[in-house]
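No value in this document is a laboratory result; all are computed from the given coordinates. These numbers come from a predicted model, not from an experiment. Quick reminder, even Gly has a Cβ in these numbers, built from the backbone with ideal geometry, and neighbours come from all protein chains shown.
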Amino acid sequence: MMSEPNPTSSITEDAAATPANTGPAHVPIEAEEIGSDADSAFGDDSQSWTTSIKSSIMNYKYENGRRYHAFKDGSYFLPNDEDEMDRLDLFHHLLTLAIGDKLHLAPIGDNPQRILDLGTGTGIWAMDMGDLYPSAEILGNDLSPIQPTLVPPNVKFEVDDMEKEWVYSSKFDLIHARYLAGSLKDWPGLMEQAYKFTKPGGWVEFQDFDMRFYTTNGEFYRGCPSDVWTEKVIEGITKFGLVAEPGPKLEQWVRDAGFINVHHELIPIPVGRWPKDPKKKEIGMFDLYQFLDGLEAISLRVLTTALNWKPEEVQVLLANVRKDLKNPRFQAQHNYHVVWAQKALTAT
Ligand SMILES: C[S@@+](CC[C@H](N)C(=O)[O-])C[C@H]1O[C@@H](n2cnc3c(N)ncnc32)[C@H](O)[C@@H]1O
């Protein structure tokens with residue numbers, strides 16, 4: 001199914017539908033020799049959450065020293081504090097680099113009018129899109145009101161739960177959702193709503209992960225701390241009823257929802273400075289940094305709540321995972337899936 005054993009492989013309409021995920025597809029990255037260098041907002045929609053910041057939204061929860069969202073308390077497992085916001089902004093940089101210094105791959109033309117960013121996080125993607133497309137109104141939604149208030153005039157944020165019924169008054173040229181692994185219960189339901197609210201001829205773009213690490217030639221083995229960590233985090237997220245690894249399933253869900261012109265790029269993301277290619281090395285460096293910095297954020301709520309681990313037990317595992325990740329011989333990578341697709345011009 002993967003066209004080339006290249007750092008980035010492309011899967012197009014011609015390729016057969018992707019089979020169910022049976023573990024990450026292995027895409028080699030050449031390693032450097034060790035030791036060398038180691039809305040509603042824009043219309044009159046009566047969205048209840050658009051501007052009114054209610055105490056139910058701001059009354060954040062604190063667990064194990066981290067701050068969590070209040071709106072729909074408990075439905076999302078990552079914190080929303082300053083440290084996590086920094087990590088998300090770093091991730092934005094990493095992910096734009098990974099897709100070729102771009103904000104999106106869907107061919108939306110130069111003058112899109114309405115763009116929706118689902119689960120916008122700090123809103124950094126939406127703000128960059130606002131700068132890039134002055135013609136467009138960009139709406140970002142999230143459970144947490146952590147976006148800045150000083151934003152480009154064509155960018156707006158609202159607190160909303162994307163898994164509830166959407167009530168936008170008009171449709172979008174692009175609906176975008178990035179890095180929602182572990183956020184959602186019902187992806188096919190989300191895709192149906194996205195289809196309904198995409199203009200005929202408009203596009204959707206979903207970018208997401210396959211959490212499991214793999215390596216083609218490094219010191220990675222099943223049962224090592226990083227492997228245990230991944231399995232346990234996936235187990236915990238799944239126990240919450242959330243989809244931990246949407247990446248490999250995006251293409252099929254998009255097809256099932258009725259979109260056409262489906263494209264799928266599989267991008268392996270290295271963890272660490274081990275790749276030979278300078279761009280991959282830079283991406284790997286950022287990824288290593290965000291893992292070292294973000295392991296606690298990713299793990300604490302999941303492991304202590306879903307799997308009843310003690311915080312100290314989590315910290316011991318994380319210390320060992322950090323050792324793995326910092327080992328230049330570890331050479332782990334994980335897969336990032338970018339899927340974009342169009343709603344037929346003849347559709348309603
Ligand atoms: C890992 S962050 C990614 C943020 C952003 N998409 C990015 O790429 O930087 C996931 C975001 O989705 C939000 N989220 C999770 N479940 C949600 C839901 N049901 N409705 C709206 N936002 C949600 C979280 O609050 C968080 O900000």
Original post:
Restricting the count to DSSP beta bridges whose residues both fall in the chain, what percent are antiparallel, rounded to a multiple of 5?
Top reply: 55
Original post:
So if R0 is 45 Å, what FRET efficiency would SER75 and GLU33 give, r being the distance between their Cβ atoms, rounded to the nearest 0.05?
Top reply: 0.45
Original post:
What size of dipole, in debye to the nearest 20, comes out for the chain about its Cα centre when the only charges are +1 on Lys and Arg C-beta atoms and -1 on Asp and Glu C-beta atoms?
Top reply: 500
Subject >> Built amide H within the under 5 Å cut-off of ILE269, gap 5+ >> reply: HIS334, ASN335, TYR336
Subject >> Full-stretch length increase - ASP86, GLN315 - with 0.36 nm per residue and alpha-carbon distance subtracted >> reply: 80.3 nm
Subject >> Size descriptor, Kirkwood hydrodynamic radius, that averages inverse alpha-carbon separations across the chain, Å >> reply: 20.8
Subject >> Sorted by Cβ neighbour density within 10 Å, fewest at the top, the residues ILE283, ILE99, ILE269 >> reply: ILE99, ILE269, ILE283
Original post:
PHE330's amide H: which non-local residues (gap 5+, or another chain) put their own amide H closer than 5 Å, with H modeled 1.01 Å from N in plane and none for Pro or chain starts?
Top reply: GLU219
Subject >> Distance between modelled label sites at GLU192 and MET58, nm, 7 Å Cα→Cβ extension >> reply: 3.7
Original post:
How would you rank MET58, MET211, MET85, going from fewest to most other Cβ atoms within 10 Å of each one's own Cβ?
Top reply: MET58, MET85, MET211
Original post:
Going down the table (LYS199/LYS281; LYS72/LYS171; LYS72/LYS280; LYS199/LYS232), which pairs top 32 Å between alpha carbons?
Top reply: LYS199/LYS281; LYS72/LYS280; LYS199/LYS232
Original post:
What shape does the range 256-348 have by the C-alpha gyration tensor, where a ≥ b ≥ c are the square roots of the eigenvalues, rounded means a/c under 1.5, and otherwise prolate means a/b greater than b/c and oblate the rest?
Top reply: oblate
**OP:** With label points built 7 Å along Cα→Cβ from the Cα atoms of TYR289 and LEU307, find their separation and express it in nm.
**Re:** 2.8
Subject >> Net length gained if the chain between ASP256 and THR346 were fully extended (0.36 nm per residue, minus Cα distance) >> reply: 30.7 nm
**OP:** Just report the Cα centroid separation between the range 291-319 and the range 237-261, whole Å.
**Re:** 26
Subject >> Segment THR216-LYS185, length gained on full extension (0.36 nm per residue, minus Cα span) >> reply: 8.0 nm
**OP:** Would you order ASP110, ASP256 from fewest to most other beta-carbon atoms within 10 Å of each residue's own beta-carbon?
**Re:** ASP110, ASP256
Original post:
Name the chymotrypsin sites (Phe, Trp or Tyr not before Pro) in the range 170-269 that are in a loop by DSSP and that have at most 13 other C-beta atoms within 10 Å, would you?
Top reply: TYR221
Original post:
Can you give me the Cα centroid spacing of the range 182-199 and the range 99-155 in angstrom?
Top reply: 18
**OP:** Pop a pseudo-label 7 angstrom from the Cα along the beta-carbon direction at both LYS326 and LYS279 and give the gap in nm to one decimal.
**Re:** 3.1
